[in-house]
Amino acid sequence: MTGSAWFLSHPLGLVCGAVEEPGRVALSGLWVSPTARGTGQARRLVSAVEDWAVAQGATTVVARVFDDNAAATALWTSLGFVADDVTVVSRRDPTRTWRTWSRRLPRVSA
């Protein structure tokens, strides 16, 4: 699943969601245009992935976030995501670490 938000042919944001394993969707590639930051676009994009994840039968959404990305960690915290205790060193840049953030999705009754 990929999604985007546009305004007059200008991309406001992009996101990707993929079933990582049964019951779990990984959200990746979240980007919001500098001109649209602070307008709720990130929340809308995350919500779109979560809606899609629920439709896929997922119970959890995860995102992997660099520890030094304060804006991202603030966003994930505000959305109810929780970072796990495992810190992973980046293969591309060993000076950076990241963690998996996750959030349980609401159950939908059929």
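Values computed for the structure shown
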quantity	calculated
Hey, residue 82 more than 19 Å from residue 12 (Cα to Cα), touching a residue at least 24 places away in the same chain (Cβ under 8 Å) and out of contact with any helix residue (DSSP H, G or I) (no Cβ under 8 Å at 6 or more places or on another chain) or not	no
Flag for residue 63 being in a helix (DSSP H, G or I) and either small (Gly, Ala, Ser) or surrounded by 13 or more Cβ atoms within 10 Å (Cβ to Cβ) (or both)	no
In region 66-85, the residues that are of a type in the set (Ser, Thr, Tyr) and exposed (fewer than 12 other Cβ atoms within 10 Å of the Cβ)	78
So residue 39, is it out of contact with any strand residue (DSSP E or B) (no Cβ under 6 Å at 6 or more places or on another chain) and on the phi < 0 side of the Ramachandran plot	yes
Tally, over region 40-49, of residues that are surrounded by 15 or more Cβ atoms within 10 Å (Cβ to Cβ) and either within 13 Å of residue 16 (Cβ to Cβ) or polar (S, T, N, Q) (or both)	5
Looking only at region 2-25, and only at residues there that are assigned to a loop (DSSP other than H, G, I, E, B) and modelled with pLDDT of 85 or more, the one that is surrounded by the most Cβ atoms within 10 Å (Cβ to Cβ)	23
Residues that are part of a loop (DSSP other than H, G, I, E, B), β-branched (Val, Ile, Thr) and surrounded by 10 or more Cβ atoms within 10 Å (Cβ to Cβ), drawn from region 86-100	87
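The values are calculated or read from the model by the stated rules, or taken from the named source; none is laboratory data. Just so it is clear, the model here is predicted, and its values are computed rather than measured. Please note: Cβ atoms are built from the backbone with ideal geometry, for glycine as well, and neighbour counts cover all protein chains shown.
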